[in-house]
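The values are calculated or read from the model by the stated rules, or taken from the named source; none is laboratory data. None of the values given here were measured: they were computed from a predicted structure. FYI the Cβ positions are ideal-geometry reconstructions off the backbone, even for glycines, and counts take in every protein chain you see.
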Amino acid sequence: TDFTSIQNHHERPVFEAVLAAQENYLLGEELLPDVACVALNRLPPRYIRHAVDMAFYQSEKERADTERAIVDAVKYAYEFVQARVAMRAR
């Protein structure tokens, strides 16, 4: 049995949101995976086999709610990682 097609639906949109928000924060590229991990850990896992699976089963409201949750999680994650870096610098 091949399980390699299973993925967390939030991964790709979170990675894209982290990259899009990068210019608003003072973090090096080496910390972006940390930001993505923090953001993903704030979202409920949504496992799918194909991207079309979520598109087919989500209503427009659910899709908008998910997009807002991703934006909020990424903002929180950037601020969290930035605060940790600042604390280490002291």
- Taking the range 48-90 and the residues there that are under 14 Å from the mean Cα position of the chain (by Cα) and aromatic (Phe, Trp, Tyr), the one that is farthest from Leu19 (Cα to Cα) would be Phe80
- Filter result for Asn24 (of a type in the set (S, T, N, Q), out of contact with any Ser or Thr (no Cβ under 6 Å at 6 or more places or on another chain) and touching a residue at least 40 places away in the same chain (Cβ under 8 Å)): yes
- Checking Ala51, Ala64 in turn, the sole residue that is touching a strand residue (DSSP E or B) at 6+ places or on another chain (Cβ under 9 Å), aliphatic (A, V, I, L, M) and more than 11 Å from Val14 (Cβ to Cβ) turns out to be Ala51
- Query: Using beta carbons and a limit of 7 Å, which pairs, at least six apart or on different chains, have the first residue in the range 68-84 and more than 17 Å from Arg12 (Cβ to Cβ) and the second one of a type in the set (Ser, Thr, Tyr)?
  - Reply: Tyr78/Tyr25; Gln82/Tyr25
- Complete set of residues in the range 34-55 that are modelled with pLDDT of 95 or more, over 11 Å from Val74 (Cβ atoms) and surrounded by 12 or more Cβ atoms within 10 Å (Cβ to Cβ): Asp34, Cys37
- Query: Is it fair to say Arg90 is loosely packed, with under 13 Cβ neighbours inside 10 Å and at pLDDT below 90?
  - Reply: yes
